[in-house]
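A.B. asks: Structure provided below as structure tokens; questions to follow.
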Amino acid sequence: MQTAKQQRDNTISAKELVLSFIEAMNDENFDKAKTYAADNMVFQGVLGTRNNAADYFKDMKKMKFKYAVQKVFTDGNDVCLWYDISMGPGLAILSSGWYRIEDGKISSFKVIFDPRQVLEQSKK
């Protein structure tokens, strides 16, 4: 049986978990990315909400966004990233993602950005 300290030492930090999730997403290794997400993970974004990990990853497999992390902020189990999200050729959007970690998994995250560039692109 492990002591509480040993259990803590065997778990990765919230920051490491989120950055590992982003790395897996960039590599399009969605199976690995899913290991960092709770099944009931809630995603809230400017253009929509997903109420479970299965729906989120179904969309991400189609979109294949890439993330260039600029800065990481942490506060306990909360991690905030400033990143450029590449949404296709010539469309990289400065965004912020707020990730909440519970029981060693991403339980929710919110992404905000100015959607004007995305909306303009969709009109073309």
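A.B. asks: Cα-based count: Lys pairs in the chain below 18 Å, eight or more positions apart or different chains?
C.D. replies: 23
A.B. asks: Just going by the charge dipole of segment 13-123, with Lys and Arg at +1 and Asp and Glu at -1 on Cβ, which of Gln117, Asn51, Tyr36 is farthest out on the positive end?
C.D. replies: After comparing all options, I get Gln117.
A.B. asks: Between Asp84 and Gln44, what is 0.36 nm times their sequence separation minus the Cα-Cα distance? Round to one decimal in nm. Write out the running numbers ahead of the final one.
C.D. replies: Numbers: separation 40, 0.36 × 40 = 14.40 nm, distance 1.74 nm.
Here the answer is 12.7 nm.
A.B. asks: Taking amide H positions as placed 1.01 Å from N in the peptide plane, with prolines and chain starts having none, which residues 5 or more places from Lys64, or on another chain, fall under 5 Å of its amide H?
C.D. replies: Under 5 Å from the amide H of Lys64: no residue qualifies.
A.B. asks: 5 Å is the cut-off here: which amide hydrogens, built 1.01 Å from N in the peptide plane, fall below it relative to Ala92, excluding neighbours closer than 5 in sequence?
C.D. replies: Long-range HN contacts for Ala92: Met87.
A.B. asks: Considering only DSSP beta bridges whose two residues both sit in segment 13-123, what percent are antiparallel, to the nearest 5?
C.D. replies: If we restrict to bridges inside segment 13-123, about 90 percent are antiparallel.
A.B. asks: Something else about it: To the nearest 500 deg cm²/dmol, what mean residue ellipticity at 222 nm is calculated for the chain from DSSP H runs of n ≥ 4 alone, each contributing -39,500 (n - 2.57), summed and divided by the residues? Provide the component values of the computation, followed by the final result.
C.D. replies: Numbers: 5 runs with 44 residues, N = 124.
Here the helix-only value at 222 nm equals -10000 deg cm²/dmol.
A.B. asks: Between Met41 and residues 5 or more places away or on another chain, which pairs have amide H atoms under 5 Å apart, with H built 1.01 Å from N, and which residues are they?
C.D. replies: Ala53
A.B. asks: Right, another one. Which label belongs to the value computed from this structure, given these candidates for Cα extents along the principal axes in Å: [x] 60, 27, 23; [y] 35, 34, 23; [z] 77, 25, 22?
C.D. replies: The listed entry that was calculated here is [x].
Computed from the coordinates by the stated procedures, all read-outs in this text should not be read as laboratory data. Model, not experiment: these values are computed from the prediction. In this analysis, Cβ positions are derived from the backbone assuming ideal geometry, glycine residues included, and neighbour counts consider all displayed protein chains.
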